[in-house]
Amino acid sequence: NKKFSKIKACDFIKEVLVKKIGTKHLIIGYNHRFGRGGEGDYSTIKQCTESLDFMVEQIQGFQTEEGTISSSSIREALLKGRIEDANNWLGYYYSISGTIIKGRQIGRLMGFPTANIKPDYQYKLIPGNGIYAVEVKLESTTYPGMMSIGSNPTVNEDPGKRFIEVNILNFDGNIYGRSISVIFRKRLRDEIKFENTSQLAEQIKLDRQQVLQLLA
């Protein structure tokens, strides 16, 4: 709120971090700022806590050919579907989890049944539209899979509606209502609007071959 936003940096450290929360060791990013008007930084924390039982540590930025990597650059990469960049910068494979819900079953009619996913967390960032090679975790078993994120333009006339669905390879079973985790390995291609579902099915066969080659 407005009152909280006016707290001075030193007051925030002493009254909130130390007295209220009981912080003993604080780790901050290389460009972190806080307090009224963003006046607080690493030097401010050091000065304000000299007489307190408090340790502060500053983490330096991760450098690449593109510059310093930040949480903002990782989010941008995910939103643009640059999953390999995001994975590299994160240091692990990005993933989402959710519950399998009933969809339109168009994929099943084409020979490629998909599990439609309702994400567990409302604010979880979903990568940009496209087709991805993924690993699918169902309980203790991991399967290769093809994930489609987007509007499914060949079979859907509403471009504003977004679907998150995965075709689980080497699997057959009723999994509605079950929990699922999807680990993103590689972006295969953009969404394409084909003239008919036969052309779409042929492309999905090619996508499947790529996934099996990558994750076999």
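Every read-out reported here was derived from the displayed coordinates using simple, explicitly stated rules and does not represent laboratory data. Since the structure is predicted, the reported quantities are computational estimates derived from the model, not experimental observations. Cβ sites come from the backbone with ideal geometry, for glycine too, and all protein chains shown count toward neighbours.
Less than 5 angstrom separates the built amide H of PHE62 from those of ILE69, all sequence-distant by 5 or more or on a different chain. Using a ≥ b ≥ c from the Cα gyration tensor of segment 93-215 (square roots of the eigenvalues), is it rounded, prolate or oblate, where a/c under 1.5 gives rounded and otherwise the larger of a/b and b/c decides, a/b for prolate? Rounded, because the longest to shortest axis ratio a/c is under 1.5.
Taking Lys and Arg as +1 and Asp and Glu as -1, the other residues whose beta-carbon sits under 12 Å from that of GLY177 total +3. Spherically averaged projected area of the convex hull of Cα atoms, segment 2-60: 3.8 nm². Check cross-link reach from LYS8 to the lysines: straight Cα distance under 27 Å, and skip same-chain residues fewer than eight apart. The qualifying lysines are LYS19, LYS20, LYS24, LYS46.
Taking amide hydrogens as placed 1.01 Å from N in the peptide plane, the amide H of LEU26 sits under 5 Å from those of MET55, VAL56, GLU57, each at least 5 positions away in sequence or on another chain.
The simple Förster model, with R0 at 45 Å and r as the Cβ-Cβ distance, assigns ASP158 and ILE59 a FRET efficiency of 0.55.
When Cα Rg over 2.2 N^0.38 Å is calculated for this entry, the matching label among (i) 1.35; (ii) 1.28; (iii) 1.07 is (i). Cross-link partners for LYS161 among the lysines, with Cα-Cα distance under 16 Å and sequence neighbours closer than 8 places in the same chain left out: LYS102, LYS118, LYS193.
Derived scalar couplings between HN and Hα for segment 207-215 equal 4, 4, 4, 4, 4, 5, 5, 6, 10 Hz in order, rounded to whole Hz, by the Karplus curve 6.51 cos²θ - 1.76 cosθ + 1.60 (θ = phi - 60°), x for Gly and Pro. For GLY81, the residues whose amide H sits under 5 Å from its own are GLY128, ignoring neighbours fewer than 5 places away on the same chain, with H placed 1.01 Å from N.
Here is the list for segment 116-171: chymotrypsin sites (Phe, Trp or Tyr not before Pro) lying in DSSP coil, each with at most 13 other C-beta atoms within 10 angstrom of its C-beta, are TYR121, TYR123. Per-residue 3J(HN,Hα) values for segment 123-139, derived from phi via the Karplus relation 6.51 cos²θ - 1.76 cosθ + 1.60 with θ = phi - 60°, read 9, 5, 6, 9, x, x, 4, x, 10, 10, 8, 9, 10, 10, 9, 10, 6 Hz in sequence order (x marks Gly and Pro). Positive contributions from Lys and Arg (+1) and negative ones from Asp and Glu (-1), summed over other residues with Cβ under 11 Å from the Cβ of GLU84, come out at +3. Coupling constants for segment 55-69 follow from the phi torsions by the Karplus curve (6.51 cos²θ - 1.76 cosθ + 1.60, θ = phi - 60°), and in residue order they are 10, 10, 10, 10, 9, 6, x, 8, 9, 9, 4, 8, x, 7, 8 Hz; glycine and proline get x.
Excluding same-chain neighbours fewer than eight residues apart, the aspartates and glutamates reachable from LYS14 by a Cα-Cα span under 19 Å are GLU39, ASP41, GLU50, ASP53, GLU57. For the chain, what is the calculated [θ] at 222 nm in deg cm²/dmol (nearest 500), taking -39500 (n - 2.57) for each run of four or more DSSP H residues and dividing by its residue count? -6500 deg cm²/dmol, from helical runs alone.
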